[in-house]
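This report concerns only the one structure given below.
The values are calculated or read from the model by the stated rules, or taken from the named source; none is laboratory data. Only a predicted model underlies this, so the values are computations on that prediction, with no experimental measurement involved. Note that each Cβ is placed from the backbone with ideal geometry, even for glycine, and that neighbours are counted across all protein chains shown. Side chains included, ligands, DNA and RNA excluded: accessible areas come from the protein's heavy atoms. Shrake-Rupley method; radii C 1.70, N 1.55, O 1.52, S 1.80 Å.
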Amino acid sequence: MTMTLETATIPKPSRLMLAALALGLIILAGFLAPLISPHDPDAVDLLNRAAPPVGLGGSWGHALGTDQIGRDILSRCLWGIRTSFGIATLGLVFSAVLGVTLGIISGLAGAWTDRIIMTVVDVFISLPNLLLMLCGIALLGTETWVLVVLIGFVKWEGYARLVRGQVLAIREQGYIEAARVLGARNLTIALRHVLPNLASPLAVILTLSFPGVLLMEAGLSFLGVGVQPPVASLGRMIDDGRNYLVNAWWISGMPSIVIVAITLLFQIIGDAIRDRVDEWLDA
Amino acid sequence: MLRFMSWRFLRAQVTMLFVLVVAFLTVRLSGEPFDTMFPEGLTQETAQALRHRWNLDLPIWEQFTLYLGKMLTGDFGRSLFTHEPVWQMYAERMPATLAVGSLALIIAISLGIPIGALSALRRGAVTERMLMGVAFLGYAVPHFVFGIGLILLFGYYLRLLPASGLSSPQHYILPVLTLAIPMVAGIARFMRAAMLDTIGQPYVMTAASKGLGNGRIARRHVLRNAMVPLVTVLGLEIAGLINGSVFVEAVFSLPGVGRVLVSSVENRDFTVLQFGVVAYAGLVVLINLVIDLLYTLIDPRVRVGG
Amino acid sequence: MSGSMPETLLSVRDLTLSFATRMGPLKVLRGIDLDIAANEVVALVGESGSGKSALGKSIVQLLSPPFVDGRATLSGSIRLHGEELITAPAHRLRAVRARDIAMVSQDALSGLNPVMRIGAQIAEAAQAADPALSAAAARRDARDMLAAVGLPDPDKAARDYPHQLSGGQRQRVMLALAAIRQPQVLIADEPTTALDVSVQARVLALLADLQRQSGMAMLFITHDLGVVANIAHRVAVMYAGQIIETGTVAEVFTRPRHPYSAGLISALPEAPAHHPRLAGGPPDLHNLAPGCAFMPRCRHAAMACSQPPPLKPFPGGAHALCWSPLS
Ligand SMILES: Nc1ncnc2c1ncn2[C@@H]1O[C@H](COP(=O)(O)OP(=O)(O)O)[C@@H](O)[C@H]1O
Ligand SMILES: [Mg+2]
């Protein structure tokens, strides 16, 4: 008897489309921040400090209100989205490149190289990312490129394992031996036969790891060791507003809502993708 | 089982060695330690003598073995900044971190498992929908946002609970909840999935065909088997807890070790950071070992198979 | 149907079962009549998907796992000693499963709880059947039962976990699990399909032994006609949710009345060569025509076959559901 146990909450296709659309709009807004943000995100207006958002007595001039030194929160959120996505995208691309390279090396090189790389993977998995990031930041400083590099360094293992598995599988099938007889070099073979097959799983891992990386950047910035002023960052904005929660919750609240909205949307999309992958694996 | 455990033990040691190397190199790569330790303008001879005194004239790997030896004998050095003994800085802050963390863990386990189990056994109830909604939020809302939300709601809006420090038992409530609720959601969600998976297994049908009551089937045949995968997830949850505690200490201004760690990064106080990293990593490795041990206790296939 | 038989123990009448599926209701059992007498072994044969397991599970009403709201609708009558089970309350059904009707399923390899000791699993069955039994007595009985099903070291086996036993040993444990309850009826659903061919015969012999010793009735489900003659008194042949022929083993094997039975028998290696062979596959249960379900594959199909076929009796107690049975 085959059981069809209903799984948790199956996102309907329409829900996936809506989430993807909303997320696309948010990303686009961040990308276009220099063009569409109503104010200079760093313009201080001490006469108009902690102005409330529209609906709580504020004006459309500062739709989401202003912060403790009168900067426009909407503009800062847009720039913050831009920063977050910029760092996360570059970081993830770097991690993918690193992971794929090490995965190919691990799959093609001898047993010892393979063992060493896989041990490092094991070690990386068992350590909290935050610790590694903090070490790296202490060492390299808080410039933005440091965050990109560090994200790459803590996130590569998933790609490495996937690619290594695939390379080994293809080796088993004897493709590589056959191609070698024909005079191809290992690397060419790996690139030819492995990467095209892996394009979609790599894209899936990338999408699934996006929210985690966004939160990593936001968290470090919140702790004060991530993105530094004057670069706008959602995490930093939340930290800035913490002393004004009583009278002006929106300084922390607005960027919080933006972060939660983004990760929730990613979550919905990720769940839908996972369901698809499961179905696909079942079939 | 012995083979399994000794393999795990070896891996834990490799991990710790890796961490120690990273911690050591972090300090070394941060610049010539001599310059951070001593004032400028010393004579050539004094400098040489001091180098010799602090073993800075030895080859790097010998320095590493010396450092290892110190770490193992409990000599963790002093802060480059305040010159306090590093060990003392952490020891003072340890109780707060441990108290909040372990309370959160106890709550998460003792609520998460039954909630997840019940929602799997009574399908389709409102509670099930609610649980999945909460679990969904638990993944998307980071600790620092969740904590601020709780402060706003209970601290400022309802004025029920204090929002910073740890000076009374009430002070523990919000930080512990901030850490515990996402974990409850995560554990419950996983437990539910594990239970549903187990319920579909043939041996549950066998149990039913013995004419056992549902209560007994749930307890003896479903729960125990669902706990097996849960144990591994607990390890991840605890690692997440350690991560989260750094943020919760920042949000609620708690006197915990996470703050020491973060300020050591800001101040580039490398000896303090070094110990923090080694200690945190050691804790994570230790937890993983305990989990592995638990795994061998709960799953006979590992126990005997090795 | 059981005119010459001794007292009827289990009697199934007009049993229908349908599952709610995405493509509408799936009629898996369509009016099953079946009687089993005390001490009698009835073999239920038919191609995979014909509804054999569904019938077995229906009798103990275990169509979906506990805690899962099944999408099954069962109607008709199942009587044990005259007591109606279809409408019986849950606690009564549990008692019947614990004491009267045991079932051994085809998942021999995954049918035992992996984190519970073998002895405890058997003792649990003993105590479910007899709540007055002490834990110590149940453990002792379990150990004796393990010896009775031929495990070489029953004391060790009782302490073992399932993964420490071989497939054949695990299926012996499953039989012990059933036999320790001294049930009146055993439903054995393809008890050897998951096993290596080399151990199949020995497990079957054990099953036959257990049946003879205890005198329990048995519904022996198989798609392998080859083993039927050794173990069963009567055969019921299933096709697309119906029993299309019943009769004694000798009767059905030497003179199959239904063209489908004839086809099945001709597929046996020792079958006479002149029997026609079966072609094609089982029908789609979602789109059954009102007439004979076998018609599309039948060499003797006639006009009448597009109407529901009648159940025709034959000398010797055999019955066939067919417009033009073979003679
Ligand atoms: N839980 C279920 N839901 C839907 N269809 C089912 C279910 N269980 C069995 N079936 C269907 O019932 C039919 C008979 O299955 P089964 O009794 O297992 O056949 P057999 O044991 O003769 O091989 C098959 O078509 C099968 O797909
Ligand atoms: Mg079957």
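When restricted to residues that are open to solvent by 10 Å² or more (accessible area, probe 1.4 Å), small (Gly, Ala, Ser) and under 11 Å from C:Thr222 (Cα atoms), region C:33-48 contains 1.
For region C:144-158, the count of residues that are open to solvent by less than 60 Å² (accessible area, probe 1.4 Å) and facing chain B (nearest Cβ under 9 Å) is zero.
Taking the stated definitions as given, is C:Ala188 under 16 Å from C:Gly56 (Cβ atoms), more than 14 Å from chain B (Cβ to nearest Cβ) and either away from ligand 2 (no atom under 16 Å from the Cβ) or not acidic (Asp, Glu) (or both)? The answer is no for C:Ala188. Every condition in (1) away from chain B (no Cβ under 11 Å); (2) open to solvent by 10 Å² or more (accessible area, probe 1.4 Å); (3) closer than 21 Å to C:Ser53 by Cβ; (4) more than 16 Å from ligand 2 (Cβ to nearest atom) is met by C:Leu207 except one, and the failing one is (2).
Checking each residue of region C:241-250 against the condition of being within 16 Å of ligand 2 (Cβ to nearest atom), within 14 Å of chain A (Cβ to nearest Cβ) and open to solvent by less than 40 Å² (accessible area, probe 1.4 Å) gives no match. For the criterion of being within 14 Å of chain B (Cβ to nearest Cβ) and touching a helix residue (DSSP H, G or I) at 6+ places or on another chain (Cβ under 7 Å), A:Gly70 fails. The condition of being surrounded by fewer than 24 Cβ atoms within 10 Å (Cβ to Cβ) and out of contact with any His (no Cβ under 9 Å at 6 or more places or on another chain) holds for only one of B:Pro169, B:Pro162, that being B:Pro169.
From the residues in region B:143-159 that are more than 9 Å from every other protein chain (Cβ to nearest Cβ) and open to solvent by less than 30 Å² (accessible area, probe 1.4 Å), which one is farthest from A:Phe222 (Cα to Cα)? Ranking the candidates gives B:Leu150 first. The criterion of at least 2 residues that are under 24 Å from C:Lys57 (Cβ atoms) and either out of contact with any strand residue (DSSP E or B) (no Cβ under 7 Å at 6 or more places or on another chain) or at pLDDT 95 or above (or both) is met, among helices (runs of 4 or more DSSP H) falling completely within region C:81-168, by C:90-95, C:118-129.
Is it true that some residue in region A:252-275 is in contact (Cβ under 8 Å) with a residue 40 or more places away in the chain, within 11 Å of chain B (Cβ to nearest Cβ), part of a helix (DSSP H, G or I) and among the polar types (S, T, N, Q)? Among the residues of region A:252-275, at least one is in contact (Cβ under 8 Å) with a residue 40 or more places away in the chain, within 11 Å of chain B (Cβ to nearest Cβ), part of a helix (DSSP H, G or I) and among the polar types (S, T, N, Q), which makes the answer yes. What residue, among those in region C:211-230 that are open to solvent by 20 Å² or more (accessible area, probe 1.4 Å) and either assigned to a loop (DSSP other than H, G, I, E, B) or touching a residue at least 12 places away in the same chain (Cβ under 8 Å) (or both), is nearest to C:Lys27 (Cα to Cα)? Ranking the qualifying residues of region C:211-230, first place goes to C:His223.
Just to be sure before I move on: is C:Gly24 out of contact with any strand residue (DSSP E or B) (no Cβ under 7 Å at 6 or more places or on another chain), surrounded by fewer than 16 Cβ atoms within 10 Å (Cβ to Cβ) and in contact (Cβ under 8 Å) with a residue 12 or more places away in the chain in the structure I sent? Taking the combined requirement at face value, the residue satisfies it.
Taking the criterion of being of a type in the set (S, T, N, Q) and under 17 Å from B:Gly213 (Cβ atoms), the residues of region C:88-147 that qualify are C:Asn113, C:Gln121, C:Gln127.
Evaluate region B:208-221: report whether one residue or more is under 15 Å from the mean Cα position of the chain (by Cα) and facing another protein chain (nearest Cβ under 9 Å). Checked region B:208-221: no residue is under 15 Å from the mean Cα position of the chain (by Cα) and facing another protein chain (nearest Cβ under 9 Å).
For every residue, the table says whether it meets (1) among the β-branched types (Val, Ile, Thr); (2) under 15 Å from the mean Cα position of the chain (by Cα); (3) at positive phi.
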{"site": "C:Ser58", "(1), (2), (3)": "no, yes, no"}
{"site": "C:Pro65", "(1), (2), (3)": "no, no, no"}
{"site": "C:Gly76", "(1), (2), (3)": "no, no, yes"}
{"site": "C:Ile86", "(1), (2), (3)": "yes, no, no"}
{"site": "C:His91", "(1), (2), (3)": "no, no, no"}
{"site": "C:Ile101", "(1), (2), (3)": "yes, yes, no"}
{"site": "C:Val104", "(1), (2), (3)": "yes, yes, no"}
{"site": "C:Asp107", "(1), (2), (3)": "no, yes, no"}
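For C:Arg117, are the conditions met, namely being of a type in the set (Lys, Arg) and away from chain B (no Cβ under 11 Å)? In short, no. Checking each residue in region A:222-239 for being more than 9 Å from every other protein chain (Cβ to nearest Cβ) and either more than 23 Å from A:Ala29 (Cα to Cα) or surrounded by fewer than 20 Cβ atoms within 10 Å (Cβ to Cβ) (or both) picks out A:Gln228, A:Pro229, A:Pro230, A:Val231.
Among the conditions (1) facing another protein chain (nearest Cβ under 8 Å); (2) more than 16 Å from ligand 2 (Cβ to nearest atom); (3) under 21 Å from C:Arg181 (Cα atoms); (4) open to solvent by less than 40 Å² (accessible area, probe 1.4 Å), C:Val68 misses just one, which is (3).
Within region A:109-135, the set of residues being touching a residue at least 12 places away in the same chain (Cβ under 8 Å) and open to solvent by less than 10 Å² (accessible area, probe 1.4 Å) comprises A:Val121, A:Met133, A:Leu134. Is it the case that some residue within region C:49-58 is surrounded by fewer than 20 Cβ atoms within 10 Å (Cβ to Cβ) and more than 16 Å from ligand 2 (Cβ to nearest atom)? No: zero hits.
Tallying residues that are within 15 Å of C:Arg79 (Cα to Cα) and of a type in the set (Lys, Arg) within region C:10-42 yields 1.
Say whether the condition of being of a type outside the set (Phe, Trp, Tyr) and within 14 Å of chain C (Cβ to nearest Cβ) is met by at least one residue in region B:265-276. Looking through region B:265-276, none of the residues is of a type outside the set (Phe, Trp, Tyr) and within 14 Å of chain C (Cβ to nearest Cβ).
Could you please give the count of residues in region B:240-261 that are crowded, with 23+ Cβ neighbours inside 10 Å and at the interface with chain A (Cβ under 7 Å from one of its Cβ atoms)? Number of matching residues: 3.
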